[in-house]
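Heads up: the structure comes next, in structure tokens.
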Amino acid sequence: MKASDPLEDKEIEDIKKDEKVQRALSETIVSVQKESVDVLEKEAPMLGITAILFVGCGVLYFLLGWKRLPISSSYIPLAQKIVLAVMLISLVLLATRLLKKIIDRKLEDKTKEFNFNRIADFFAALIILSIILSLLFANWYAAAVSFGIVSLVLGFALQNLITSFFGWLYILIRKPYEVGERIRIGNVFGDVINVSYLDTTLWEFNGDYLSADHPSGRIIRFANSKVFSEYVYNYSWPLFPFIWNELSFFISYDSDFDFTSDTVKRIVEREIGEAMVRRVKRFKKILADTPVDEFDVNEYPAVILKANNNTWIEVVVRYLVDPKNSGRVKKELFGKVMSELKKNPEKVRFPNTIMR
């Protein structure tokens, strides 16, 4: 086994310490590992601190009510509100933290875990906001009127952000895509690595500088509101997680078409493998319970010959593949198909400049 390079390891650690790298890693839910230790043991220090804070604030609240502290009586109501708010907010934060830890242990799907954590944080923020508003406004009617006016003004000023927030709710409920899935929306294409309250982050594939199905190394952020105005193409439908892909090349008219078709089909079937065929057959049975016509799903490759305007014959082989492996599979198939066909130049003739 090759020993690791200490210098290389140090450079990797230095990169991980970069603030932007740490923030990006924290956003990437798929990089988070499940905790195997007990939740209560893990949260014991936080539980202790919150309990001490809660009890201390409770004692302070009653001392203020009994006027046992050297504070002017005019400030006592405000001090009691502040103490009560601290007690309630600490309780909400602790309850949210424990709930997230307990539910996360029961959820095996990291996407569901990610969505639940976001929803829990959202409702915790709403509760804390209501606690703060009740502290600031003694008159609930005045608070409601003030809140309504502020909401109206903010609604006009922040309409794009509000639409993106409702887009986030739509994504959680309708699930046009989830973290880890490969999608295309508008003119961008990639794997979803984060869905926040306002935007979605993709790990881009293809891009401006690549023609093959390969990551470009860039990330793309777009507002969640785009799900209301753009078509969303999801390549990870659970009922049929495959896509049809095509490999094409040209041969001349004096080639042996039957030999070419049989050879190409045999090689592609061998390379795709029986495991892939079995997977497709299983999903065909699942599709039998849906409106999709499963008889149109052919688990074996198909070879099509098409006449081309440039007096060549185009050979197209169509096959099913996992969308995240389509680029690699296509490259391997092309190399092996060309290598096999070139062994029989008397039966398969490829176009060249002289034949044009």
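Every number here is computed from the coordinates shown, using simple stated rules; none is lab data. Predicted model only: the values in this text are computed from it and were never measured. Quick reminder, even Gly has a Cβ in these numbers, built from the backbone with ideal geometry, and neighbours come from all protein chains shown.
For Ile103 and Asp254, what is the calculated FRET efficiency with R₀ set at 51 Å and r taken between the beta-carbons, to the nearest 0.05?
The computed FRET efficiency comes out at 0.15.
So for each of 120-126, 176-182 I average, over its residues, the number of other beta carbons within 10 Å; can you give me the resulting order with the highest mean first?
Ranked from most to least packed, the peptides come out as 176-182, 120-126.
What is the extension gain from Val316 to Ile119, computed as 0.36 nm multiplied by their sequence separation minus the C-alpha to C-alpha distance, in nm to one decimal?
Gain on extension, Val316 to Ile119, equals 66.2 nm.
Can you pull the one-decimal nm distance between simple spin-label points at Arg218 and Ile304, each 7 Å off the Cα toward Cβ?
So the two model labels end up 3.2 nm from each other.
Report, in listed order, any pair from Lys306/Lys330; Lys306/Lys336; Lys226/Lys331 with a Cα-Cα distance greater than 26 Å.
Long pairs (Cα-Cα over 26 Å): Lys226/Lys331.
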